[in-house]
Amino acid sequence: MEYSIQELSRLSGVTTRTLRWYDQIGLLKPSRVAESGYRHYGKAEVDRLQDILYYRALGVELARIKECLDDPSFDRLAALRSHLAALEAERKQLEILIRSAKDTIGAEERKEFMSDERKFEVFKQRTVGHHEEVYGAEIRAKYGDKEADEANAAVMNLTQEQYREWTGLGQEIQKRLEEAVRACLSPEHEEGKEICALHRRWLTITGNRYDPAKHRGIAELYVMDERFTAYYDKHLPGCARFLRDAVVYWAK
């Protein structure tokens, strides 16, 4: 099956202007260009456009998408599974937030008192639920149900101040990982050391203890399973690997 640029535009919802731009920057080249100058796209180009749109939906920049798709080691099936894991996790988080918003609206309409603890409980539940889905099976297999349950309970028992610090650390780690990857820094760079320290603080703020060996073991999981990778690579591929490599090098 072959599509003209107009047909591919109608099929995908991507404008012909965008498709021409993708061609210009080398992100999506047509399979052939007729003597008339019309672009034509085959199955490989259709699949590549689908890959591009999945990455775009997750907020990945065009230049980085091109790097990923042009990498000889690119595994399309693995990438699709990673996209699915990230999208499903995002959907579940949104469902939890929607329920919380409805509860809050109902309380406001009925002039009911809602405690501060209840206001924050949904965010804790959302975090625990996400981590259980992404990390649960592997952590339970590696460290046992008791430790996994204690880790979940530790999050639920955080004070509001601790919870704000914990979530703030998580956001800072993600931001600095993305900046480090964009800057092509080595995990052995001083920034890698600081990110490793932030990650250890993020792990231990709930009261759990992580010696260097355990810290490295947790970080290894981030690249061993696509669901772990999807969490840190949700905006920019390479973040999970950078974090793993930084922890392996600096956690001693």
Residues of segment 187-207 classified as in a loop (DSSP other than H, G, I, E, B), surrounded by 14 or more Cβ atoms within 10 Å (Cβ to Cβ) and touching a residue at least 12 places away in the same chain (Cβ under 8 Å), total
3
How about segment 176-186: which of its residues are open to solvent by less than 60 Å² (accessible area, probe 1.4 Å) and touching a Leu at 6+ places or on another chain (Cβ under 8 Å)?
Arg176, Leu177, Glu178, Val181
Sort out which residues of segment 50-71 are within 17 Å of Arg241 (Cβ to Cβ) and not β-branched (Val, Ile, Thr), and write them in order of number.
Tyr55, Leu58, Arg64, Glu67, Cys68, Asp71
With respect to Gly168, determine if the residue is buried (at least 16 other Cβ atoms within 10 Å of the Cβ), modelled with pLDDT of 80 or more and not in a loop (DSSP other than H, G, I, E, B).
no
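Here is a yes/no grid of residues against (1) modelled with pLDDT of 95 or more; (2) more than 26 Å from Arg99 (Cβ to Cβ); (3) touching an Asp or Glu at 6+ places or on another chain (Cβ under 9 Å):
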{"residue": "Val128", "(1), (2), (3)": "no, no, no"}
{"residue": "Gly136", "(1), (2), (3)": "no, no, no"}
{"residue": "Glu179", "(1), (2), (3)": "yes, yes, yes"}
{"residue": "His189", "(1), (2), (3)": "yes, yes, no"}
{"residue": "Ala197", "(1), (2), (3)": "yes, yes, no"}
{"residue": "Asp211", "(1), (2), (3)": "no, yes, no"}
{"residue": "Gly217", "(1), (2), (3)": "no, yes, no"}
{"residue": "Thr229", "(1), (2), (3)": "no, yes, no"}
If we take segment 3-98, then helices (runs of 4 or more DSSP H) inside it with 1 or more residues that are under 26 Å from Gly238 (Cα atoms) are 16-24, 43-57, 62-70
Is it the case that some residue within segment 27-43 is acidic (Asp, Glu) and open to solvent by 50 Å² or more (accessible area, probe 1.4 Å)?
yes
So is Ile5 more than 30 Å from Ala240 (Cα to Cα) and open to solvent by less than 30 Å² (accessible area, probe 1.4 Å) or not?
yes
Determine which member of the set Tyr222, Tyr231, Tyr210, Tyr163 is farther than 22 Å from Tyr54 by Cα and assigned to a helix (DSSP H, G or I).
Tyr163
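The values are calculated or read from the model by the stated rules, or taken from the named source; none is laboratory data. In this text, all values refer to a predicted model and were calculated from it rather than measured experimentally. When we count neighbours, we look across all protein chains shown, and the Cβ atoms used for this are built from the backbone with ideal geometry, even at glycine. For the accessible areas, the whole protein counts, side chains as well, though only heavy atoms, and no ligand, DNA or RNA atoms are used. Shrake-Rupley method; radii C 1.70, N 1.55, O 1.52, S 1.80 Å.
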